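Accompanying notes for the structure given below.
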Amino acid sequence: MARLDVAEMICGIMLPGHIHTQESLQFALKFPFQDTDTLIVSYPKSGTTWMQEIVTLIYSRGDPHLNKTVPNWVRAPWLEQYYCAPLLEDSSTTPRVITTHLPHHLLGPALQGSKAKVIYVSRNPKDVVVSFYHFHKMANFLPEAGTFPEFLNRFLGDTLHYGSWFDHIKGWTSQTAAMENLLHITYEDMLLDRHGAIKRISSFLQCPLLEEEVNNCVQHSSFSNMKNNKMVNYTLVTDEIMDHSKGSFMRKGKTGDWKNMFTEEQNQYFESVFKSKMQDCTLEFVWEVQDKEETPAKEHIQQENTDV
Ligand code: PPS
């Protein structure tokens, strides 16, 4: 399956034809969730891989064996991608961990009535757009990135592959009151307090851990450990599909990197579109994290993010 230049369209949303087919999309929309399933949901570049790593570690009680021997797309496959159906057929693992980038208006009906545990991961959209821009440069299954101003326009105009970030976050987070089996956690929550985030997630998954097991999860989900783990850093993917000379999937792993990319004008433009499209939404975002020199209390955060 190469189809690097092909896009599949579903309800106006374009998805890479390299990993999606009309059949795989229909499989996702009609998926019979089991109450024991765990579903990780995110817009691209919001911390999906990080959550896959953390959930695997939690279910393994902090033992990194699976994380170091099985690629993330096998232990937590994307429901809408073509290889998911055969993978789930062959798997006897319980609970199943499944991932999706689909918006709620597409996947919600399949989840209706299910007790599957849903973890929605979000990230501040300025960092999402910068991360996505760099990813477009290396991912040969995505359209040309173009210049950053062009890319920003496409993000704010909802015309990128995977659809509108605004619809995605509003669609899923508006379900938090209605769906008691939905946990919303942010990339910034995980960056600022990975230990606390892991405890929240393990409690939500009804998989309480001993302190030592939490500490092992914290250690093995650090940026540097993940960057060096070929089961999760995408170096197993060939250069034809992801050109590793053009960037690294585990790129920076920071909050506030958008400040190195946005001009003042782009920031103002972003703010005005954001204000208008999010006016019906009360979510608050963490846009940057102070350097440790400025706030000594955050020292351990920087440390956590660089330790091995
Ligand atoms: S994808 O393509 O949708 O699956 O991408 P996704 O995994 O959602 O997002 C990739 C970004 O997450 C960063 N990342 C991390 N940051 C901090 N700590 C850890 N452990 C970690 N793991 C992944 C990754 O570096 C991408 O962000 P950027 O800003 O590009 O570095």
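The values are calculated or read from the model by the stated rules, or taken from the named source; none is laboratory data. Everything quoted here is computed from the prediction, not taken from an experiment. Don't worry about glycine lacking a Cβ; one is built from the backbone with ideal geometry, like all the others, and counts go over all protein chains shown. Quick note on the areas: whole protein, heavy atoms, side chains included, nothing else; ligands and nucleic acids left out. Shrake-Rupley method; radii C 1.70, N 1.55, O 1.52, S 1.80 Å.
What to note about this one:
- Long-range neighbours under 8 Å by Cβ, at least six apart or interchain, first residue closer than 23 Å to residue 43 by Cβ and touching a residue at least 12 places away in the same chain (Cβ under 8 Å) within segment 65-81, second among the acidic types (Asp, Glu) and open to solvent by less than 20 Å² (accessible area, probe 1.4 Å): 72/53
- Put simply, of 189, 193, 90 the only residue that is free of Cβ contacts under 8 Å to residues at least 24 places away in the same chain and within 20 Å of residue 288 (Cβ to Cβ) is 189.
- Considering residues of segment 109-122 that are under 15 Å from residue 171 (Cα atoms) and under 17 Å from the mean Cα position of the chain (by Cα) only, the residue farthest from the ligand (Cβ to nearest atom): 118
- Looking across segment 204-229 at every residue that is in a loop (DSSP other than H, G, I, E, B) and either among the aliphatic types (A, V, I, L, M) or within 18 Å of the chain's Cα centre (by Cα) (or both), the one that is farthest from residue 121 (Cα to Cα) is identified as 210.
- Selection of segment 137-154 for residues being within 11 Å of the ligand (Cβ to nearest atom), open to solvent by less than 10 Å² (accessible area, probe 1.4 Å) and in contact with a Phe, Trp or Tyr (Cβ under 8 Å, 6 or more places away or on another chain) yields only 138.
- Scanning segment 261-275 for residues that are in a helix (DSSP H, G or I) and open to solvent by less than 70 Å² (accessible area, probe 1.4 Å) yields 266, 267, 270, 272, 273, 274.
- Note on segment 1-76: enclosed strands (runs of 3 or more DSSP E) holding 1 or more residues that are buried (at least 22 other Cβ atoms within 10 Å of the Cβ) are 13-16, 38-42.
- When segment 236-260 is filtered for residues that are open to solvent by 70 Å² or more (accessible area, probe 1.4 Å) and farther than 15 Å from residue 223 by Cα, the ones remaining, listed by number, are 236, 238, 239, 240, 245, 246, 259, 260.
- Whenever a residue of segment 7-36 is over 20 Å from residue 165 (Cβ atoms), its partners that are open to solvent by 30 Å² or more (accessible area, probe 1.4 Å) and of a type in the set (Ser, Thr, Tyr), lying with C-beta atoms within less than 6 angstrom and at least six residues away or across chains, give the pairs 21/82; 24/82; 36/94.
- Of all the residues in segment 209-226, those that are in contact with a Lys or Arg (Cβ under 9 Å, 6 or more places away or on another chain) and either modelled with pLDDT under 95 or crowded, with 17+ Cβ neighbours inside 10 Å (or both) number 10.
- Some residue of segment 96-109 being aliphatic (A, V, I, L, M) and touching a Lys or Arg at 6+ places or on another chain (Cβ under 8 Å): yes
- The residues of segment 155-191 that are buried (at least 17 other Cβ atoms within 10 Å of the Cβ) and among the hydroxyl-bearing types (Ser, Thr, Tyr), listed by number, are 162, 164, 173, 186, 187.
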